[in-house]
Amino acid sequence: MSGRRGNWAGNITYGAARFHRPGSVEELCELVAGSRAVRALGTRHSFNEIADCPGGDAVSLDGLPGAPELDPARGTVTVGAGTRYGELSRWLHGEGHALRNLGSLPHISVAGACATATHGSGDANGNLATAVAAVELVTADGELVTLSREKDGDRFAGAAVALGALGVVTRLTLDVVPAFEVRQYVYENLPWESLEEHFDEITSAAYSVSLFTGWRGRVIDQVWVKRRAGDSGVWEPTPRWLGAVAATADLHPLPGMPAVNCTAQLGVPGPWYDRLPHFRLDFTPSSGEELQSEYLLPRRHALAALRALDGIRDVVASVLQVSEIRTVAADDLWLSPAYREDVVGVHFTWKKNWPAVRRVLGVVEEALEPFEARPHWGKLFTTPTGMVRSRYARLGDFRELAVEYDPAGKFRNPFVDDLLFGGEHRG
């Protein structure tokens with residue numbers, strides 16, 4: 001497999017000895033069966049070593065057959081694991097269907113996003129893996145196995161978010177809904193006092209709501225409100241809202257950046273796939289000059305946690321590009337940060353300066369420690385792995401499931417081994 005040997009941001013260089021791009025599932029099964037250590041690579045949008053396979057085999061899935069197959073009767077679509085959300089979404093819309101939600105960037109792969117519990121926003125919207133109805137994967141002995149929500153029940157809840165530790169995913173079946181349109185509005189300069197007094201009102205105002213801040217003052221710089229066209233509710237767009245002012249031109253989340261790559265705003269209706277993400281599908285991300293972290297914490301702690309971050313805002317702002325605050329609905333997936341509890345995610349896009357970011361992460365994590373914050377599996381954090389493990393009630397069950405499908409730890413790299421298994425000896 002030719003091409004990059006590192007992640008999207010360029011802060012990780014993979015240590016795999018061999019890179020593969022199989023053209024068939026049969027070829028992949030043979031490769032996995034004959035490998036001592038193997039990990040799958042998605043679109044390489046993770047910012048830590050979760051996808052690496054030091055000394056082993058790294059496998060790209062984008063060469064596998066992946067044409068979507070729609071099942072209108074069941075309300076599902078089955079796609080190849082390497083399929084990107086943007087590609088799937090356009091096809092689905094043409095068939096009159098939609099996914100319930102999307103992440104902020106449509107260029108990420110379906111398998112990689114689901115494996116790490118990546119999410120969009122919305123009080124009633126679960127992370128992207130909650131749409132998974134079945135997963136097909138190659139296990140350690142090269143066998144092709146399918147687990148489904150319908151047949152495997154609680155065990156399936158351990159497979160939808162698995163960090164690649166059960167096997168190499170080849171296909172996923174996702175729930176779909178009828179296609180819909182969305183109107184997107186942006187408000188500027190929401191006073192901090194309004195955030196504290198009306199947090200629930202703000203996040204529940206529409207189908208999806210995101211708040212952006214640079215932590216440079218007691219203000220939310222932008223509120224992105226994505227409302228399903230035709231929905232009626234308490235909230236209606238007005239020139240002023242809770243002290244914030246409606247934008248009169250399309251904006252980029254980063255102040256001063258051109259909005260040409262962002263999805264259309266100003267209430268112009270458009271298809272779900274071209275409004276739920278913040279960035280347009282035909283915008284190709286560069287190998288970005290940024291690093292990312294995110295912490296998800298129980299919604300009941302949201303305001304206290306935001307106050308704690310406000311107390312260290314000068315430290316945060318010193319290395320920050322922008323921060324985004326989103327809500328995610330509870331689910332029953334064992335390794336989901338929203339397991340059985342609604343959560344709020346606080347995302348940080350940092351300047352590309354790891355020594356400085358690492359120092360700031362220590363301060364951020366200390367401020368968030370009382371609030372049961374869980375770091376995003378695919379982003380940067382310095383939280384002790386033992387503390388991370390302690391915040392997942394079903395981790396023991398997941399470890400048993402992983403040993404069942406991968407007794408020798410073929411799919412466990414050092415990062416996953418330490419994070420999920422405490423560095424215990426494999427096999």
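What follows draws every value from the coordinates through simple rules; no lab data is involved. Owing to the predicted nature of the structure, the values given are computational and were not obtained by experimental measurement. Virtual Cβ from ideal backbone geometry, glycine too; neighbours counted across all protein chains shown.
Would you mind getting me the FRET efficiency between residue 250 and residue 150? Use the beta-carbon distance for r and R0 = 45 Å, nearest 0.05. According to the calculation, E is roughly 0.60. For the chain, adding -39500 (n - 2.57) for each run of n ≥ 4 DSSP H residues and dividing by the number of residues yields -6500 deg cm²/dmol at 222 nm. Between the listed residues 122, 106, 86, the Cα displaced farthest toward the positive end of the dipole of region 52-123, a dipole computed from Cβ unit charges relative to the Cα centre, is found at 122. For residue 379, the lysines whose Cα falls under 17 Å of its own Cα, not counting residues fewer than eight places away in the same chain, are 351, 352. Extension gain for residue 400-residue 175 works out to 78.3 nm (0.36 nm per residue, less the C-alpha to C-alpha distance).
Averaging the Cα positions of each part gives two centres, and for region 134-193 and region 333-370 these lie 22 Å apart.
Short-range pairs are left out: with C-alpha atoms under 8 Å and at least six residues apart, the relative contact order of the chain is 17 percent. Think of each Lys and Arg Cβ as +1 and each Asp and Glu Cβ as -1; about the Cα centre, that makes the dipole of region 138-260 roughly 260 debye. Shown in residue order for region 380-396 are the 3J(HN,Hα) couplings computed by the Karplus curve 6.51 cos²θ - 1.76 cosθ + 1.60 at θ = phi - 60°: 7, 7, 10, 4, x, 4, x, 5, 4, 4, 5, 9, 10, 5, 9, 4, x Hz (x for Gly and Pro). Scaled to the globular estimate 2.2 N^0.38 Å, the Cα spread of the chain, given as radius of gyration, is 0.94.
Residues 12, 312, arranged from fewest to most other Cβ atoms within 10 angstrom of their Cβ, appear as 312, 12. Note on region 142-231: Kirkwood hydrodynamic radius from all Cα pairs is 17.0 Å, rounded to one decimal.
By the beta-carbon count within 10 Å of each Cβ, the least crowded to most crowded order of 202, 108, fewest first, is 202, 108. Within the listed set 319, 110, 223, the Gaussian network model of the chain (springs between alpha-carbon atoms below 10 Å) gives the highest mean-square fluctuation for 319.
The dipole here belongs to the chain: it is taken about the Cα centre, uses +1 on the Cβ of Lys and Arg and -1 on the Cβ of Asp and Glu, and is about 780 debye.
Taking DSSP loops as anything outside H, G, I, E and B, show the longest stretch in the chain free of GluC sites (Glu not before Pro) there with at most 11 other beta carbons within 10 Å. By the stated rule (loop sites, at most 11 other Cβ atoms within 10 Å), 1-288. Note on residue 240 and residue 200: the model spin-label points, each 7 Å out from Cα along the C-beta direction, lie 2.6 nm apart. Within the listed set 267, 82, 378, the Gaussian network model of the chain (springs between alpha-carbon atoms below 10 Å) gives the highest mean-square fluctuation for 267.
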